[in-house]
Ligand code: AMP
């Protein structure tokens, strides 16, 4: 695995990999890798001839009161995991490489960036789209792999790619869960034993909505209020949002009549977690 820390090295390595008409797959991450990330890497390996992974804890997608400084960083372990998956290129730049002094240019997907997580985390998606656009320009992937776990992020990135004509195919990969159903996340490492158990409330609230749906309920308000009751019964968890939305526009739907995203975010202790599922009539 070639490890690149500068833009010019990474660009050269990726161009080299793409020469002789090879398909290059890219998996952007913030590191602290788990099976969710590795599932994206495996999908990329299966669908592409060469795979580049990026590890960059992107400061511009963290709010001033968020967990940037304590976000888990495990570079050596991550390298070993990626070596094992036979990743070809790892791009792990320092912050100054990605944001040179005086950088003032942003990529903003208007509207969509203020929905779901974007509403609770002002500026978050502007940071995400800016860094993903930069990674696409630097690595020039044919295909980029993202997790369905971050469903709003996926909608925002798809819209950016469409609006700005990036020649990149976006592939969404299913949510990888722990055996008890908790969606894998680098932030799960923040949870203490008690919080780890409480964190299952996200999954339970989604299941409540799914069961209602399977029983024939199509009214979003009713599905949401039943799911919110699940939260009301779980102390020390604070619901951020529970929404039923169109997966492309992220706008709330009144009735579930086509493929619909059910998305939840909540604070379990000091840790903010997200999860979702898709209902298909
Ligand atoms: P992150 O390192 O949190 O920025 O995530 C990097 C990529 O991994 C994103 O596309 C995430 O959606 C994806 N990802 C994170 N957790 C999971 C999971 N449990 N299952 C599938 N994909 C995931």
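The values are calculated or read from the model by the stated rules, or taken from the named source; none is laboratory data. From a predicted model like this one, the values you see are computed outputs, not experimental measurements. In this analysis, Cβ positions are derived from the backbone assuming ideal geometry, glycine residues included, and neighbour counts consider all displayed protein chains.
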### Task
Scan the stretch 159-188 residue by residue and report those that are more than 12 Å from the ligand (Cβ to nearest atom), part of a helix (DSSP H, G or I) and in contact (Cβ under 8 Å) with a residue 40 or more places away in the chain.
159, 160, 163
### Task
Could you identify the single residue in 204, 233, 255 that is away from the ligand (no atom under 14 Å from the Cβ), in contact with a strand residue (DSSP E or B) (Cβ under 9 Å, 6 or more places away or on another chain) and farther than 22 Å from residue 30 by Cα?
255
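Here is a check on your reading of the model: is residue 133 assigned to a loop (DSSP other than H, G, I, E, B), modelled with pLDDT of 95 or more and either closer than 24 Å to residue 41 by Cβ or outside the structural domain of residue 166 (by TED's automatic domain parsing) (or both)? Before the answer, list the steps.
On the way: assigned to a loop (DSSP other than H, G, I, E, B): no; modelled with pLDDT of 95 or more: yes; either closer than 24 Å to residue 41 by Cβ or outside the structural domain of residue 166 (by TED's automatic domain parsing) (or both): yes.
When the stated conditions are applied, residue 133 does not pass them.
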### Summary
Restricting the stretch 46-57 to residues that are closer than 17 Å to residue 4 by Cβ and in contact (Cβ under 8 Å) with a residue 60 or more places away in the chain, the one farthest from the ligand (Cβ to nearest atom) turns out to be 52
### Query
Counting just the residues of the stretch 142-151 that are within 12 Å of the ligand (Cβ to nearest atom) and more than 8 Å from the chain's Cα centre (by Cα), which one comes out nearest to residue 100 (Cα to Cα)?
144
### Lone qualifier among 77, 42, 73 - being assigned to a loop (DSSP other than H, G, I, E, B), at negative phi and within 16 Å of the ligand (Cβ to nearest atom)
73
### Query
From the list 250, 202, which one is part of a loop (DSSP other than H, G, I, E, B), surrounded by 15 or more Cβ atoms within 10 Å (Cβ to Cβ) and at pLDDT 95 or above?
250
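Considering the stretch 127-141 alone, what residues qualify as being buried (at least 18 other Cβ atoms within 10 Å of the Cβ) and more than 12 Å from the ligand (Cβ to nearest atom)?
So in the stretch 127-141, the residues buried (at least 18 other Cβ atoms within 10 Å of the Cβ) come out as 127-136, 138-141.
Passing the criteria: 129, 130, 133, 134, 136, 138, 139, 140, 141.
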### Message
Residue under question is residue 221, and the condition is that it be in contact with a helix residue (DSSP H, G or I) (Cβ under 6 Å, 6 or more places away or on another chain) and either over 24 Å from residue 178 (Cα atoms) or not in a loop (DSSP other than H, G, I, E, B) (or both); does it hold?
### Response
no
### Query
Residue check, residue 180 against (1) touching a helix residue (DSSP H, G or I) at 6+ places or on another chain (Cβ under 7 Å); (2) closer than 28 Å to residue 108 by Cβ; (3) surrounded by fewer than 19 Cβ atoms within 10 Å (Cβ to Cβ), all met but one. Which one?
(2)
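Which of the following residues is in the same structural domain as residue 252 (by TED's automatic domain parsing), under 13 Å from residue 262 (Cα atoms) and assigned to a helix (DSSP H, G or I): 213, 231?
Values: 231 fails: under 13 Å from residue 262 (Cα atoms).
Result: 213 is the single residue among 213, 231 that is in the same structural domain as residue 252 (by TED's automatic domain parsing), under 13 Å from residue 262 (Cα atoms) and assigned to a helix (DSSP H, G or I).
Pick out the one residue from 32, 43 that is within 19 Å of residue 147 (Cα to Cα), in contact (Cβ under 8 Å) with a residue 12 or more places away in the chain, buried (at least 19 other Cβ atoms within 10 Å of the Cβ) and touching a helix residue (DSSP H, G or I) at 6+ places or on another chain (Cβ under 7 Å).
32
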### Message
Can you confirm whether residue 63 is assigned to a loop (DSSP other than H, G, I, E, B), within 16 Å of the ligand (Cβ to nearest atom) and surrounded by 13 or more Cβ atoms within 10 Å (Cβ to Cβ)?
### Response
yes
